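What follows draws every value from the coordinates through simple rules; no lab data is involved. The structure presented is a predicted model; accordingly, all values stated were derived computationally and were not measured.
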Amino acid sequence: MSLLKNSVRSSLKLVSNTNKLSITNSIRTKVSLPDLKWDFGDLEPFISGQINELHYTKHHQTYVNGYNTAVEQHAEAKQAGDVKRTIELQQHIKFHGGGYLNHCLFWDNLAPNKNGGGELPSETSEFSKKVIEQYGSFDNLISLTNTKLAGIQGSGWAFIAKNKENGAIEVVQTYNQDTVTGNLTPLVAIDAWEHAYYLQYKNVKVDYFKAIWNVINWAEASKRFDA
Ligand code: MN3
């Protein structure tokens, strides 16, 4: 996955500083917020500009920072031989790393109507043909995804994903910031955390799940399917 080009390759140099060990970032690459391909207000009326701005500048930034910090602390704990702390920090890496990746996918999964958001992919595309073969229609695939989204108790995500082993399209639901890994390539990632909709949709999250398909970037999903 191209997102992983940003992933951290820790190259930590331990520097002995009298009694204290300190770690310097010699070649370490930190992850950072991706560029957005649209303006915060471009997804209105389906997702408000205020939500997008907070979601990107605050929430996604928190995962970026959390991941960078956890990776650094993890390296320190490992170096110090602190197994308990190493395990704890792996949970942080999983959570913040998942949050970082999922939101990168999410932003690219959305597009304003003026840029093709909501437009189904060409019927001749391999992606479209596979959706019709397996689900009968995009409406059915969307409906199944919305059912999975509505069933999330607490915070989580739903993904339309491609199983690389057999080429099948699957709908997968995860909790917290868990992402899809292994044989699954995410095609569409939808954020079902309250911060993704509450300012606009309040308690009626199913209206957010219905509305978001108006700005789904199916061209991006099709590109991921072909990759
Ligand atoms: Mn979110």
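Where does the stretch 120-165 land on Rg(C-alpha)/(2.2 N^0.38 Å)?
Working: Rg = 12.3 Å, N = 46, 2.2 N^0.38 = 9.4 Å.
Dividing the Cα radius of gyration by 2.2 N^0.38 Å gives 1.30.
Bridging of Lys114 to lysines at a Cα separation below 21 Å is possible for Lys37, Lys210, Lys223, once same-chain residues fewer than 8 apart are set aside. So what's the angle, to the nearest 10 degrees on a 0 to 90 scale, between helix 138-150 and the longest Cα principal axis of the chain? The answer is roughly 50 degrees. When the chain is treated as a GNM with alpha-carbon contacts under 10 Å, the residue of Leu110, Leu36, Leu149 showing the greatest mean-square fluctuation is Leu36.
So which lysines can Lys205 reach, going by Cα to Cα under 22 Å and dropping same-chain residues fewer than 8 places off? Cα-Cα hits under 22 Å: Lys58, Lys148. Taking the C-alpha atoms only, the angle from helix 61-79 to the longest principal axis of the chain is near 40 degrees. For the stretch 68-227, the alpha carbon positions stretch 56, 39, 29 Å along the principal axes, listed from largest to smallest. For the chain, modelled as a GNM whose springs connect Cα atoms under 10 angstrom apart, the maximal fluctuation among Ala168, Ala189, Ala158 occurs at Ala168.
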